[in-house]
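K.L.:
The following block contains the structure, expressed as structure tokens.
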Amino acid sequence: MPSPAVVQELEQRMGAAPEGATVRGLIFNAVFKLVAQHLGEKTSTELRATIAKKPLVDFFSYPVRDFLKVLYGAGELLSPRYGSIDDAIRACGAAAIGGFFQSSVGKTLTNIIGKGDPKRLLSSSPTAYGTAVSYGQREYTALGERRVRLHFRGDMQPVEFHQGLLEEALRAVGCPGRVEVKKLGLDEAEYLIEW
């Protein structure tokens, strides 16, 4: 059972979600796959059943409020494996970008960007996020040769989700690094990324 603080945070995030805000099915499916990998297909299907009777289509869009329910549900289910809900949500973020890079679009993007060039990848992240979700604003700023900042506004996902996603994106282009988070509000944060 989630702690009262986790329940309260989920309720706040769902309340902050704009009406009609959506997330691509690919992101949902990556979380379901992670749950299936650790806890079995039955548990994953039960989690999906909290929002939908049928499997979700990768490139269709679904309500962000449903994704928040799935994400926090997965965090609760996976927390014994990862040590905490925050770490489990971070793993969900990593799985989301891992699923993207395994898709045909992600493989094409990796071929265009090439390995070893995270700055090129991260500079296009505002556009990439815009294709995956229908809400929020993201700004990219280069801070040096091996350091950038992403500023997110109007984004309901917990910072741990994006931190895991960004760390995994660095690994995907062959440059593991560090992502520091500066929380500025419920739906605003800065991510300082170094490699």
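K.L.:
Could you give me the radius of gyration and the Dmax of region 69-173, taking only the C-alpha atoms into account and expressing both in angstrom?
P.N.:
For region 69-173, the Cα-based Rg and Dmax read 14.1, 39 Å.
K.L.:
Could I ask something else about it? Tell me, what is the percent relative contact order of the chain, built from C-alpha pairs under 8 Å that lie six or more residues apart? Intermediate values should be presented prior to the final figure.
P.N.:
Details: 313 pairs, mean separation 41.1, N = 195.
Relative contact order for the chain comes out at 21 percent.
K.L.:
Continuing with the same structure: Give me the dipole magnitude in Debye, nearest 20, for the chain about the Cα centre, with unit charges on the beta carbon: positive for Lys and Arg, negative for Asp and Glu.
P.N.:
About 500 debye.
K.L.:
Could you sort Cys175, Cys92 by their accessible area in this structure, using a 1.4 Å probe and putting the largest first?
P.N.:
Values: Cys175 20, Cys92 0 Å².
Putting Cys175, Cys92 in descending order of accessible area: Cys175, Cys92.
K.L.:
Compute the distance in nm between two label points, each set 7 Å from the Cα along the Cα-to-Cβ direction, one at Lys183 and one at Arg81.
P.N.:
Distance between the two pseudo-spin positions: 2.4 nm.
K.L.:
Same structure again: Using 0.36 nm per residue, how much length does the chain from Arg147 to Phe60 gain when fully extended, once their Cα-Cα distance is taken away? Before the final figure, lay out the partial values.
P.N.:
Numbers: separation 87, 0.36 × 87 = 31.32 nm, distance 3.37 nm.
Full extension from Arg147 to Phe60 adds 28.0 nm.
K.L.:
Counting Lys and Arg as +1 and Asp and Glu as -1, what is the net charge of the other residues whose Cβ lies under 12 Å from the Cβ of Tyr72?
P.N.:
On the way: positive: Arg13, Arg65, Lys69; negative: Glu9, Glu11, Asp66, Glu76, Asp86, Glu160.
It works out to a net charge of -3.
K.L.:
May I ask you to list the lysines whose Cα is less than 16 Å away from that of Lys107, ignoring any residue fewer than eight positions away on the same chain?
P.N.:
Lys115
K.L.:
Pairing the Cα long axis of helix 104-113 with the longest principal axis of the chain, what angle in degrees results, from 0 to 90 and rounded to the nearest 10?
P.N.:
20
K.L.:
Sticking with this one: For helix 85-102, what angle does its Cα long axis make with the longest principal axis of the chain, in degrees from 0 to 90 and rounded to 10?
P.N.:
60
K.L.:
Moving on. For region 2-62, just say rounded, prolate or oblate: build the C-alpha gyration tensor, square-root its eigenvalues into a ≥ b ≥ c, call rounded for a/c under 1.5, and beyond that prolate if a/b exceeds b/c, oblate if not. Before the final figure, lay out each step's value.
P.N.:
Details: a/c = 2.32, a/b = 1.21, b/c = 1.92.
Note, shape of region 2-62 comes out oblate.
K.L.:
Please report Rg over Rh for region 16-97, where both radii come from the alpha carbon positions and Rh follows the Kirkwood definition. Can you show the working numbers first?
P.N.:
Numbers: Rg = 11.9 Å, Rh = 12.5 Å.
My calculation of the ratio gives 0.95.
K.L.:
Taking the dipole about the Cα centre of region 74-169, with the C-beta of Lys and Arg at +1 and of Asp and Glu at -1, give me whichever of Leu166, Leu122, Gly93 is farthest to the positive side.
P.N.:
In region 74-169, that residue is Leu122.
K.L.:
Ser3 to Lys115: FRET efficiency via 1/(1 + (r/R0)^6), r the Cβ-Cβ distance, R0 45 Å, to the nearest 0.05? Working shown, then result.
P.N.:
Details: r = 41 Å, r/R0 = 0.91.
It comes to 0.65.
K.L.:
What trypsin sites (Lys or Arg not before Pro) does region 133-195 have in DSSP loop regions with at most 15 other beta carbons within 10 Å?
P.N.:
Numbers: sites: Arg138, Arg146, Arg147, Arg149, Arg153, Arg171, Arg178, Lys182, Lys183; in loops: Arg146.
Sites meeting the loop and neighbour criteria: Arg146.
K.L.:
Right, next: Collect residues whose amide H, placed 1.01 Å from N in the peptide plane, falls under 5 Å from the amide H of Thr22; neighbours closer than 5 in sequence don't count.
P.N.:
Those lying under 5 Å, H to H, from Thr22 are Val64, Ser134, Tyr135.
K.L.:
Moving on to the next point. Heavy atoms only, probe 1.4 angstrom, no DNA, RNA or ligands counted: give me Phe100, Phe59 ranked by accessible area, highest first. Let's see the in-between values first.
P.N.:
Details: Phe100 50, Phe59 115 Å².
My answer, sorted largest first, is Phe59, Phe100.
K.L.:
Now, a different point. Please work out how much length the chain gains when fully extended from Glu194 to Thr108, using 0.36 nm per residue of separation minus the C-alpha to C-alpha distance, in nm with one decimal. It would help to have the intermediate numbers written out before the result.
P.N.:
Numbers: separation 86, 0.36 × 86 = 30.96 nm, distance 2.43 nm.
Once the chain is fully extended between Glu194 and Thr108, it gains 28.5 nm.
K.L.:
Distance from the Cα centre of region 112-141 to that of region 1-45, in angstrom?
P.N.:
Taking the Cα centre of each part, region 112-141 and region 1-45 sit 23 Å apart.
K.L.:
So I have (1) 1.11; (2) 1.24; (3) 0.97, and one of them is Cα Rg over 2.2 N^0.38 Å calculated from this model. Which one is it?
P.N.:
(3)
The values are calculated or read from the model by the stated rules, or taken from the named source; none is laboratory data. Just so you know, these numbers come straight off a predicted model, no measurement behind them. Note: ideal-geometry Cβ built from the backbone for every residue, glycine included; neighbour counts use all protein chains shown. Each accessible area value is taken on the protein alone, full model and side chains, heavy atoms only, with ligands, DNA and RNA left out. Shrake-Rupley method; radii C 1.70, N 1.55, O 1.52, S 1.80 Å.
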